[in-house]
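Where a number appears in this text, it was derived from the coordinates with a stated rule and is not lab data. These figures come from a predicted structure and were not determined experimentally. When we count neighbours, we look across all protein chains shown, and the Cβ atoms used for this are built from the backbone with ideal geometry, even at glycine.
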Amino acid sequence: MGEHGKSAAGAETGDAAGTVAEVRVEAASGTVVETAARAAAGKAADTQTVRNARRCGHIVLIGFMGAGKSTVGRWLSRKLSRQLLDTDAMIEAGAGMTISEIFATRGEEAFRAAETEVLTGLAARRQPVVISTGGGLPVRAENREALRKLGCVVYLRVKPETVCERLAGDHSRPLLAGDDRQRKVESLLAQRGPIYEETAHLTVDVDGRTPEMIGEEILGRMDARRSADIAHAGY
């Protein structure tokens, strides 16, 4: 066998200095197996995607209740090593009561005003975070403008039947209280869908997909947007 010959398994071998081959092929199955070099290259590419995402400021997830904003937000938070903030949780903490209690005692308009106050506070944060928003937060025009200024706004688009399936045992949603949930979901989605799309920089469909699949698409598309912006700027 020569200095850079092939082993019995048909894989490129390294030289005396320890050069690592890009791939090796297992003789029994013909399966291509990643070596450390290729794995490292993939990790580097993944790291660059994450680095680009970090340069895009806050990642803001919007969409209807049950779309998976909190779940996808947790995945992005772990992937990017960022804090996850939930606007509904922030409002509940500030008011000392649940969203349902706020609706019942103060009314929806008071809750919407609290959402606007939370956005004002988030705008002052310099460290990029992942933000999961309440389903109705973009309804106010002033909130839509504030959301887009925060960073990259991602609309998680979901079908009515998926919402009803996911929220079947959840009775904590004031706007879905009572009978005929399906009709209420369809009506609200019809009203809010165009608002979500108007507000978002990116729209991602979530039906039948895992949080990882959704999160990877978000990061990939953010990476592509940044690359396009750099190319357009002539850097």
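Think of the stretch 56-233 as having a plus end and a minus end, set by charges on the Cβ of Lys, Arg, Asp and Glu; of LEU147, VAL158, GLY107, LEU147 sits farthest toward the positive end of this dipole.
Using 0.36 nm per residue and subtracting the Cα-Cα separation, the extra length available between ARG148 and SER187 on full extension is 11.5 nm. The fewest-to-most ranking of HIS201, HIS58, HIS171 by surrounding Cβ atoms within 10 Å reads HIS171, HIS201, HIS58.
Give me the extension gain from ASP179 to ALA123: residue separation times 0.36 nm, minus the current Cα-Cα distance, reported in nm with one decimal. Mind showing how you got there, number by number?
Values: separation 56, 0.36 × 56 = 20.16 nm, distance 3.84 nm.
Once the chain is fully extended between ASP179 and ALA123, it gains 16.3 nm.
Sorting 61-69, 120-128, 79-87, 152-160 by their mean Cβ neighbour count within 10 Å, with the most densely packed peptide first, gives 61-69, 152-160, 79-87, 120-128. Annotation: amide H of ILE131 within the under-5 Å range of ILE59, VAL60, LEU61, LEU85, sequence separation 5 or more or interchain, hydrogens built in the peptide plane. Placing +1 on the Cβ of every Lys and Arg and -1 on the Cβ of every Asp and Glu, with nothing else charged, gives the stretch 56-233 a dipole about its Cα centre of roughly 520 debye.
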